[in-house]
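K.L.:
Supplied in structure tokens, the structure appears directly below.
The values are calculated or read from the model by the stated rules, or taken from the named source; none is laboratory data. What you are looking at is a predicted structure, and each value in this text was computed from that prediction instead of being measured. Cβ atoms come from the backbone with ideal geometry, glycine included; neighbour counts cover every protein chain shown. The protein model used for the area step is the full one, side chains on, heavy atoms only, and it has no ligands, DNA or RNA in it. Shrake-Rupley method; radii C 1.70, N 1.55, O 1.52, S 1.80 Å.
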Amino acid sequence: MSNLPGMANRCENDNDWTMLLVSEGCGPLLGVRPEEMTCEGGISCIDLIHMDDRQRVRLEIDTQLEKGNSFQVVYRIIMPKTGEMKWIWERGQANLNADEEILFLEGF
């Protein structure tokens, strides 16, 4: 995944979208190392999303997941080290267990 032009990730479907796996693409995109984005690294995914977009992003993703669909969403992030704002396009889907319960989300 280190050659992808963007950031691939796997995260919990929790309030913070806690990152379980983050590709090397987070460096060019966010200005941080992959390990800084995991639960031990201290940077929460939800904290990156612009405050004015958080509720809408959560609603859009949850609505698509409830329908069993993948999701696409555009939103603003605030770079953790510089405070710079960037627009992000994200596409993802839920990974389900045998009982159709969400194990985690995967996205790019």
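K.L.:
Being touching a helix residue (DSSP H, G or I) at 6+ places or on another chain (Cβ under 6 Å) and either modelled with pLDDT under 90 or surrounded by 14 or more Cβ atoms within 10 Å (Cβ to Cβ) (or both) is the filter here; which residues of region 14-23 pass it?
P.N.:
Hits for region 14-23 are TRP17, MET19, VAL22.
K.L.:
With ARG54, ARG58, ARG76 as the choices, which residue is within 21 Å of GLY27 (Cβ to Cβ) and at pLDDT 95 or above?
P.N.:
After applying the criteria, what remains is ARG76.
K.L.:
Among GLU84, GLU40, GLU100, which is the only one that is at positive phi and open to solvent by 70 Å² or more (accessible area, probe 1.4 Å)?
P.N.:
GLU100
K.L.:
Just to verify a result, which residue in region 67-81, among those that are out of contact with any helix residue (DSSP H, G or I) (no Cβ under 9 Å at 6 or more places or on another chain) and among the basic types (Lys, Arg), is surrounded by the fewest Cβ atoms within 10 Å (Cβ to Cβ)?
P.N.:
Across region 67-81, the extreme among qualifying residues is LYS67.
K.L.:
Residues in region 58-66: is at least one in contact (Cβ under 8 Å) with a residue 12 or more places away in the chain, loosely packed, with under 14 Cβ neighbours inside 10 Å and over 19 Å from GLU36 (Cβ atoms)?
P.N.:
no
K.L.:
Within region 99-107, is even one residue more than 14 Å from the chain's Cα centre (by Cα) and either outside any loop (DSSP other than H, G, I, E, B) or touching a residue at least 12 places away in the same chain (Cβ under 8 Å) (or both)?
P.N.:
Yes, the conditions are met somewhere in region 99-107.
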